[in-house]
Amino acid sequence: SELAELRRLIERASPDVVAHSKLLSPLPRVAPPIARPLPPPLLPTMGYEDEQPIDEQEEADLLEYLHSELIWLTPTNLRLMLLPDNEDDHRANERYREVLGLLTEQAFNNPLSPDGQRKVMEALALKDNEEDVVSLRLVQDSGLTPQTLPRLVEHNPLVAHECLLRVLSSSPEQLKNDYLSALVGMDMSLHSMEVVNRLATHVQRNNNSNNNNDNSIKTDEQPLLHPEYIHLYISNCIASCENIPDRHAQNRLVRLVCVFLQSLIRNQIVQVDVLFYEVQAFCIEFSRIREAASLFKLLKAMQ
């Protein structure tokens, strides 16, 4: 019959032809290196009625889960977009947050520990242009203003000096004047004197192109702290010494002012002629103190 003839033809056919019985059998498994299971359903990450805040570890686990699942969608594009962040950038962000925490939470209220001060000073130190931008942003985010500057000076004068260097080197003139006015107008102390002395000895270098055809660059050195502010601070110090009722505290401040003035005069930071009569009257008033007598002799020698 025709059915018997068809069966004989099938039996004589090529071995590559799959028998009818095998068509209904399960497909063979693919080798493990090639096999990939179907992805589980991607659950929504927000919008639940009982949604609660998650901590950093839970957030990291959630992002890792999303990265592993989203790779199934257009992997040629998303694989590059979902690569982990650069380790160096991650460490830099961690350092930034740590230093910012030291500035905002401690520096304005208490002296920093030696390790904390070292970290802040390293973050604020002048380096290349990119890191200068980071250090300036750090100062801006710290909450430093002309009103909060005296607190930072009293508790951490070295940090205040570095912050002022960032502000005075890249801020508008009006903002610079506000900070300097707050500095020279604060109550006289050893720490404020230290900050003013450091700023007075700091020189700002500006590169100016020469107008000649040799295209040479001329470097101009200008003091960062204008002499007018130094003179105002000296006058403030002298007035503070004269108005202190406690004799012991007065003698101590007079000694500090005399040593401070001698340093400024010897380093040629201030002009003696401008302050001669005011400083001379100060020395005569407190001539009983040895440092005042030494300052008077220096004035006469420089005249």
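With every protein chain present, what accessible area does His248 have (1.4 Å probe, heavy atoms only), rounded to the nearest 10 Å²?
Surface accessible to solvent at His248 totals approximately 140 Å².
Given the Cα-Cα distance of Ala125 and Phe276 and 0.36 nm per residue of separation, how much length would full extension add, in nm?
Full-extension gain reported as 50.7 nm.
In a shell of Cβ-Cβ distance under 12 Å around Arg255, excluding Arg255 itself, what net charge do Lys and Arg (+1) and Asp and Glu (-1) give?
Net charge around Arg255: +2.
Under the rule of at least 5 residues apart or a separate chain, name every residue whose amide H is placed under 5 Å from the amide H of Gln204.
Residues meeting the amide H criterion: Gln222, Leu224.
Keeping every protein chain in place, order Asp132, Asp178 by accessible area at 1.4 Å, biggest value first, i.e. largest first.
Sorted descending by solvent-accessible area, the residues read Asp178, Asp132.
Sorting Tyr96, Tyr233, Tyr65, Tyr277 by accessible area (1.4 Å probe), largest first, what list results?
These residues rank, largest area first, as Tyr277, Tyr65, Tyr96, Tyr233.
The values are calculated or read from the model by the stated rules, or taken from the named source; none is laboratory data. Bear in mind that the values here come from a model prediction, so they are computed numbers and not experimental data. Neighbour counts run over all protein chains shown; Cβ positions are idealised from the backbone, glycine included. SASA here: full protein model, heavy atoms, side chains in, ligands and nucleic acids out. Shrake-Rupley method; radii C 1.70, N 1.55, O 1.52, S 1.80 Å.
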